[in-house]
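To keep things clear, I will list the structure first and then write my remarks on it.
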Amino acid sequence: MYKKLLGCVLFAFGSVSAIFGEHLPGPVGLSFRLLGLMSIPIFVRSLITGFERTRNSGNYFLRLSLTASLAQLILFLFNRSLDGSAGFSLNPMYAILIGFGLVYGLEILVPCGPRRIASMRLLEANAQTKSDRFDIRVSPQDLVEWPKGMKVPNWPIAMLQLFGISLVVFCLALPFVLPVHLGVFIVLLVLVFYAVDKVVSGPNVAAAFLCMAMLLATYMFIQYRLTRELDPVGVSIATVFISYLPEKGRRPGRIAQYAYYAFYPVHILVLILVSRILFGS
């Protein structure tokens with residue numbers, strides 16, 4: 001829970017930089033922007049762990065959708081954006097929403113893993129074979145295991161696999177089409193963290209750090225070739241170790257959970273109103 005609180009605080013600094021940018025001294029605005037970028041690994045990791053622990057994936061998706069839509073409505077009504085551009089862009093929560101779809105599709109294709117073998121018995125030996133081989137029996141329903149709260153359609157396996165492939169491809173392509181702020185990087189980071197969790201057994205923070213470093217190097221190189229500017233998103237790697245710290249304590253109450261969702265649109269609204277009062281813009 002403390003990680004989400006830290007992520008909210010860091011993101012708030014980024015929002016201050018985006019909304020008050022022209023009224024802040026250059027070094028202060030840049031520092032706040034860098035702090036905001038450091039919240040990315042925390043929220044991406046929270047998405048993946050939240051998907052694994054949620055009691056209902058459908059409700060989880062609706063909460064994310066409502067949060068992103070309310071924030072976008074506020075930005076639209078006040079003609080503002082969180083990337084500092086004059087044109088239309090979607091807020092970063094939509095990238096988290098796309099990441100949810102990516103994780104859902106990947107879970108269908110790469111479920112949590114096979115359950116333990118249902119039965120294993122020694123084949124009956126006879127005078128001719130003297131068999132010492134084992135007969136392994138696994139029931140079809142034991143072949144896959146999804147997170148407890150994941151709602152999966154009751155479709156044939158082949159149809160589920162086709163749906164999973166289509167959803168993964170769609171979610172990976174969507175950030176390249178929609179103007180989502182930092183959408184491409186956030187969705188790819190969701191893919192990286194998910195793969196690390198599935199492939200690496202035991203403590204995996206070192207693997208996550210290395211994989212994120214490689215993603216950042218590739219992403220920043222391409223961005224530099226396209227814009228001739230160094231993308232500051234590289235500072236986000238500073239919090240990857242924090243994002244993988246274990247959570248302690250009981251599951252937060254319903255009010256605390258909803259407070260984190262409400263924080264996102266509410267803090268944007270408050271900052272915009274303060275900007276209107278102080279600077280008239």
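The values are calculated or read from the model by the stated rules, or taken from the named source; none is laboratory data. Just so we're clear, the structure is a prediction, and the values are computed from it rather than from any experiment. Positions of Cβ are generated from backbone atoms using ideal geometry, with glycine treated the same way; all protein chains shown enter the neighbour counts.
Observations on the structure shown:
- Candidates are the residues of the stretch 167-202 that are of a type outside the set (A, V, I, L, M) and farther than 21 Å from Tyr60 by Cβ; the one that is surrounded by the fewest Cβ atoms within 10 Å (Cβ to Cβ) is Gly202.
- Only one entry in Leu75, Leu10, Leu66, Leu97 is at pLDDT below 95 and either assigned by TED's automatic domain parsing to the domain that holds Leu172 or aromatic (Phe, Trp, Tyr) (or both), namely Leu75.
Let's see how each residue does on (1) surrounded by fewer than 19 Cβ atoms within 10 Å (Cβ to Cβ); (2) part of a helix (DSSP H, G or I); (3) under 19 Å from the mean Cα position of the chain (by Cα):
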{"position": "Gly7", "(1), (2), (3)": "no, yes, yes"}
{"position": "Leu10", "(1), (2), (3)": "no, yes, yes"}
{"position": "Ile19", "(1), (2), (3)": "no, yes, no"}
{"position": "Arg33", "(1), (2), (3)": "no, yes, no"}
{"position": "Pro41", "(1), (2), (3)": "no, yes, yes"}
{"position": "Thr49", "(1), (2), (3)": "yes, yes, yes"}
{"position": "Glu52", "(1), (2), (3)": "yes, yes, yes"}
{"position": "Arg63", "(1), (2), (3)": "yes, yes, yes"}
{"position": "Phe76", "(1), (2), (3)": "yes, yes, no"}
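- Residue within the stretch 213-223 that is buried (at least 16 other Cβ atoms within 10 Å of the Cβ), in contact with a Phe, Trp or Tyr (Cβ under 9 Å, 6 or more places away or on another chain), more than 19 Å from Asp197 (Cα to Cα) and of a type in the set (Phe, Trp, Tyr) present: yes
- Residue match in the stretch 246-257 (condition: of a type outside the set (Lys, Arg) and in contact with a Cys (Cβ under 9 Å, 6 or more places away or on another chain)): no
- The stretch 211-234, residues that are more than 18 Å from the chain's Cα centre (by Cα) and closer than 17 Å to Arg45 by Cα: none
- For Val240, the criteria (1) within 22 Å of the chain's Cα centre (by Cα); (2) of a type outside the set (Phe, Trp, Tyr); (3) under 18 Å from Gln72 (Cα atoms) hold in every case but one, which is (3).
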